[in-house]
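Here's the structure, in structure tokens; my notes come after.
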Amino acid sequence: MTEPLTEGFADEPTEHQPTDYQPSEEELEARRNKANRATRGGMAAILCLEAFVVLLVPRTIAQTSQGLSGTKTVLLLALAVLLVATGFLLRRAWGIGAGSALQIALAAVTLLVPVFAVVAVFFVAIWGYLLRTRSQLVGTPSGWRMLIS
């Protein structure tokens, strides 16, 4: 049996990081900015992936007994455009709030295709996970306020 690698863990000082190392406020702010950009990038990717999945829904509806109406098609295309546009606007202060509101619209697609509920729950769970992770890493408000910050 081999020993687990423990080199470089926080409880063991390395030659590059002394035991009493405390990051400066500038380093902490740089880490927060990186985490903010990373989580917003992940959110933008999720919104664009949601748009792609929503664009596949009309094909699914067309094969059901309900058929595909013009209204359903326009609603789904509008939602897909809004998802992509919001993905590009996430760097704005209100972008995360708009993305959070679109998660509700995504869940409303289940009224058109009930089977879509599985996909909607999956995407909403990922969105919530990214919001929680961003709140922990960046230090944004938690609770319902993290939906709009």
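Values in this text are rule-based calculations from the coordinates and carry no lab data. Quick caveat, the model's predicted, so the values are computed rather than measured. A quick note on method: Cβ atoms are made from the backbone with ideal geometry, for glycine too, and the neighbour counts reach across all protein chains shown.
Structural remarks
- In terms of the mean number of neighbouring beta-carbon atoms within 10 Å, the peptides 103-110, 45-52 order highest first as 45-52, 103-110.
- Paramagnetic label reach from T60 (point 7 Å along Cα→Cβ; backbone nitrogen cut-off under 11 Å): within the range 67-109, residues 109.
- Based on C-alpha pairs under 8 angstrom that are at least 6 apart in sequence, the range 29-147 has a relative contact order of 33 percent.
- Computed Rg/Rh of the range 29-147, alpha carbon atoms with Kirkwood Rh: 1.04
- Karplus-derived 3J(HN,Hα), 6.51/-1.76/1.60, for each residue of the range 115-127, Hz, glycine and proline x: 5, 5, 4, 4, 5, 4, 4, 4, 5, 5, 5, 5, 4
- Spacing of the two label points (7 Å from each Cα toward its C-beta) at A125 and F52, in nm: 2.0 nm
- Phi-based couplings in Hz for the range 29-44 (Karplus 6.51, -1.76, 1.60; Gly and Pro marked x): 5, 5, 5, 5, 5, 5, 5, 4, 5, 5, 5, 5, x, x, 5, 4
- Net lengthening on full extension, R31/R91 (0.36 nm per residue, minus Cα-Cα): 19.9 nm
- Each residue of the range 97-109 is assigned a 3J(HN,Hα), and the resulting list reads x, 5, x, 5, 5, 5, 5, 5, 5, 5, 5, 5, 4 Hz, derived from the Karplus form 6.51 cos²θ - 1.76 cosθ + 1.60 (θ = phi - 60°), x at Gly and Pro.
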